[in-house]
1. If each of Leu117 and Glu214 carries a label point 7 Å out from its Cα toward its Cβ, how far apart are those two points in nm?
2. Calculate the all-directions average of the projected area of the range 118-332's alpha-carbon convex hull, and give it in nm².
3. What full-extension length gain, to one decimal in nm, is calculated for Ala25 and Arg313 as 0.36 nm per residue of separation minus the Cα-Cα distance?
4. Quick check: pseudo-label points 7 Å beyond the Cα along Cα→Cβ at Ala390 and Arg236, how many nm apart are they?
5. Relative to the present Cα-Cα distance, how much length would full extension add between Ala66 and Ala333 at 0.36 nm per residue of separation?
6. Straight distance only, please: which aspartates and glutamates reach the Cα of Lys342 with their own Cα at less than 14 Å, same-chain residues fewer than 8 apart left out?
7. With no solvent and one point on each alpha carbon, what is the Debye value of log10 I(q)/I(0) for the range 12-74 at q = 0.17, 0.22, 0.27 Å⁻¹?
8. With each run of n ≥ 4 DSSP H residues scored as -39500 (n - 2.57), what mean residue ellipticity at 222 nm is computed for the chain after dividing by its residue count and rounding to the nearest 500 deg cm²/dmol?
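The numbers here are math on the coordinates, done by the rules we state, and not lab data. Everything numeric here is computed off the predicted structure, so don't read it as measured data. Cβ: placed from backbone, ideal geometry, glycine included. Neighbour counts: every protein chain shown.
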Amino acid sequence: MIKQYSIAGADASAIEASAERAIIAGRLAPGDRLPTVRGLAARLRLSPATVAAAYRALNRRGLVTAAGRGGTLVRPQPPLITRPAPSLPAGVRNLAEGGPDPAMLPSIEKALRRLRLEPRNYGGPYNRADLLDLALAAFRADRIPAGPVAIVSGALDGIERALAANLRIGDRVAVEDPGYPPILDLLGALGLHAEPFGLDDDGPLPAEISRVLETGVAALIITPRAQNPTGAALQRPRLRQLGDLLRARPEVMIVEDDHNGPVAGAPALTLCGPERPRWAVVRSISKSLGPDLRLAFVAGDALTIARLEGRQRLGPGWVSHILQQTVTAMLRAPETAALIEKAAAIYAQRRRALIRELARHGIAARGRSGLNVWIPVPAESAVVQSMLEAGWAVSAGDRFRLKSPPALRVSIATLPPAEAGRLASDLARCLAPGHRTHYA
């Protein structure tokens, strides 16, 4: 949808500010198409070069993205505080959010009762040695080469800091397609250009990685397991193929987003190692211990971790020791390991149940690991609306895609197998020929 009258201004800076205000106020919503450069220039009686400069500035700041013939679109998650999305109607099952099942998370309250919290002043170690030891042990158990480890405020914070430590504005970064929307938005905000590559259930396709390496990318971001949204997970034969390709390009930084960690339902495999000059493995505890803890570990080469922590010192300084103590207590609690193992098994059961029920209706779906199932559809918005009318909130795939075909993302985290059959039947009805919703 083109919002013709939300942008005004007498020069490039004024046009940029006007568009930003429109995004904040909700007059320009995520996915909205801005007027064409020539169209807006004619309306404002300015040169096309002036409008183009404003659009370039908005693009550099990650507020909009150029979609080729699709025009210039507001990003799904621009780096601004905007109006919240409308709440779902009563009775709708929310399978659009990709978070963990709260019932599968250990008790924060129990962990806090075990703590003796004392005021901490400036100075002293930034990271707790006992938590670093736990992180190192977990990385080494998964055969991820862990020398220096940083503690950051969540997976995206770690990815941003790792990229900022090594890349420059204008660098190209290879990303999964489909992939996680905040990664794309983050690249835009950092002034980096996304170069998409395709993947299947085994992870990145070797031919696609070979292609993007030829474009001169400076970094490669991959999800080794629980890929969001497809659930892809690296397998050893694919790992060896990708390793052979990447050995010839040691200058390319590898960033691995292990956001699901031990509840992914697949083993941890890595393309990173001491033979690479620049690499980082980011492992969040959000899906296994709880999103509100906002903590992740980053293993990487010594220079990347030194730069990352040095920049962190100039900003927040450190991750709260109250959070660090809480996470340490939760990881050490005897019941936590058993609950994490149970959660991984239950999520796998829920994934398999939905994929099985969809197959009964002839609907193909992907979901080898993680909390989501990816379902190709002929058109997204119509199916999403029909499913909402049937009582299900699911995610349209356009937020996740750059060049890959249409699909839906369904989160299975809170979907028990007993409900999978009803969801599959409702989706089959929405996709059936002659359904009242038209795919136009």
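1. Here the answer is 5.6 nm between the modelled labels.
2. Averaged projected hull area, Cα only: 11.2 nm².
3. Difference between extended and current length: 100.3 nm.
4. Label at Ala390, label at Arg236, 4.1 nm between them.
5. 91.3 nm
6. Counting by Cα, and skipping residues close in sequence, Lys342 has these aspartates and glutamates nearby: Asp101.
7. Debye output, listed in q order: -0.50, -0.87, -1.30.
8. -12500 deg cm²/dmol
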